[in-house]
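**Student:** Can you read through this structure? Questions will come right after.
The values are calculated or read from the model by the stated rules, or taken from the named source; none is laboratory data. Given the structure is predicted, the values throughout are model-derived calculations rather than measurements. Heads up, the Cβs are rebuilt from the backbone with ideal geometry, glycines too, and the neighbour counts pull from every protein chain shown.
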Amino acid sequence: MSLPVEKAMRLAVVIAGMFQRLAFGAAVATCLSVDGFADDLCRGHQLLQTPRPATSCQDVVPEVFNSPDGELQAFVLPAGVSLFATPDIESRVVIRSRKGDTLTSQDYSSPRGMNGYYVDHAKWSPDSQFFVFSMISSGGHSPWSFPTMVYSRAKNAFAKLTDMIGGRPMLSGDFSISAPHTVQVTTWKRAGDMDDTVTVAVDLQAAFDKLPASAD
């Protein structure tokens, strides 16, 4: 083989190797870009300007809230069906035992994915008897209102916290729970006056016992 031909072949090998490395780098960069953007498409309770791919967000996992005694778990699953929103724009709450038995569930999604609710804050009571969670409208309706639900372990049922305080709405998604099962929430002092608020304490056991059987 003549020297010029040998040099040309070596140069071709070097150039081919460079192109392979460039192609691999571009593929890695593309994958990182897609993965980095996927979080924006799949999480964050967001409405999207353009629809996400129909097969996107297959790996979104639920939030899990373990009861203090370790016997129950509350799962908050993404339940949104609209491709113009992240899947967690609406929620389904599932209560399971430590052994994996599904005790009950409540679906807060809507047929088109724009008229349901997603879970904002959630906590178990210190005695593990109640799971409380506040929600926000997926479509942005009544942004001042935070519907709040209570799961009773003894009754294995959900109830609206508003029914425990005379139908008054929750004006904040934040709440606190003190032992054994007293929740503090924010509502209005006078009907319709959202600037004049008050914190009320509710004994969940006593309040739940006063509700009619169909309250959930």
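**Student:** Among the residues of region 73-106, how many are of a type in the set (G, A, S) and under 15 Å from D120 (Cα atoms)?
**Tutor:** 4
**Student:** Then there is this: Identify, please: which residue in region 43-66 is under 18 Å from the mean Cα position of the chain (by Cα) and among the small types (G, A, S) and is, among those, farthest from S138 (Cα to Cα)?
**Tutor:** Taking the candidates together, the pick is S56.
**Student:** Another question, then. I want to confirm something. Restricting to region 112-125 and keeping residues that are surrounded by 17 or more Cβ atoms within 10 Å (Cβ to Cβ) and part of a loop (DSSP other than H, G, I, E, B), which single residue is modelled with the lowest pLDDT?
**Tutor:** M114
**Student:** Continuing with this model, one more query. Which ones in region 101-122 are within 15 Å of P62 (Cα to Cα) and of a type outside the set (S, T, Y)?
**Tutor:** If the condition is that a residue be within 15 Å of P62 (Cα to Cα) and of a type outside the set (S, T, Y), then Q106, D107, V119, D120, H121, A122 are the ones that fit.
**Student:** Run down F158, F130, F146 and say which single residue is touching a His at 6+ places or on another chain (Cβ under 8 Å) and touching a residue at least 24 places away in the same chain (Cβ under 8 Å).
**Tutor:** So the residue among F158, F130, F146 that is touching a His at 6+ places or on another chain (Cβ under 8 Å) and touching a residue at least 24 places away in the same chain (Cβ under 8 Å) is F130.
**Student:** I want to confirm something. Restricting to region 143-159 and keeping residues that are part of a strand (DSSP E or B) and over 19 Å from the mean Cα position of the chain (by Cα), which single residue is surrounded by the fewest Cβ atoms within 10 Å (Cβ to Cβ)?
**Tutor:** That would be A157.
**Student:** List the number of the failed condition for A159; all other conditions in (1) under 22 Å from A213 (Cα atoms); (2) out of contact with any Asp or Glu (no Cβ under 8 Å at 6 or more places or on another chain) hold.
**Tutor:** Checking A159 against (1) under 22 Å from A213 (Cα atoms); (2) out of contact with any Asp or Glu (no Cβ under 8 Å at 6 or more places or on another chain), the one that fails is (2).
**Student:** Here are S109, S128: which of them is at pLDDT 95 or above, surrounded by fewer than 20 Cβ atoms within 10 Å (Cβ to Cβ), touching an Asp or Glu at 6+ places or on another chain (Cβ under 8 Å) and assigned to a loop (DSSP other than H, G, I, E, B)? Walk me through it before giving the result.
**Tutor:** Working: S109 fails: surrounded by fewer than 20 Cβ atoms within 10 Å (Cβ to Cβ).
Only one candidate passes the filter, namely S128.
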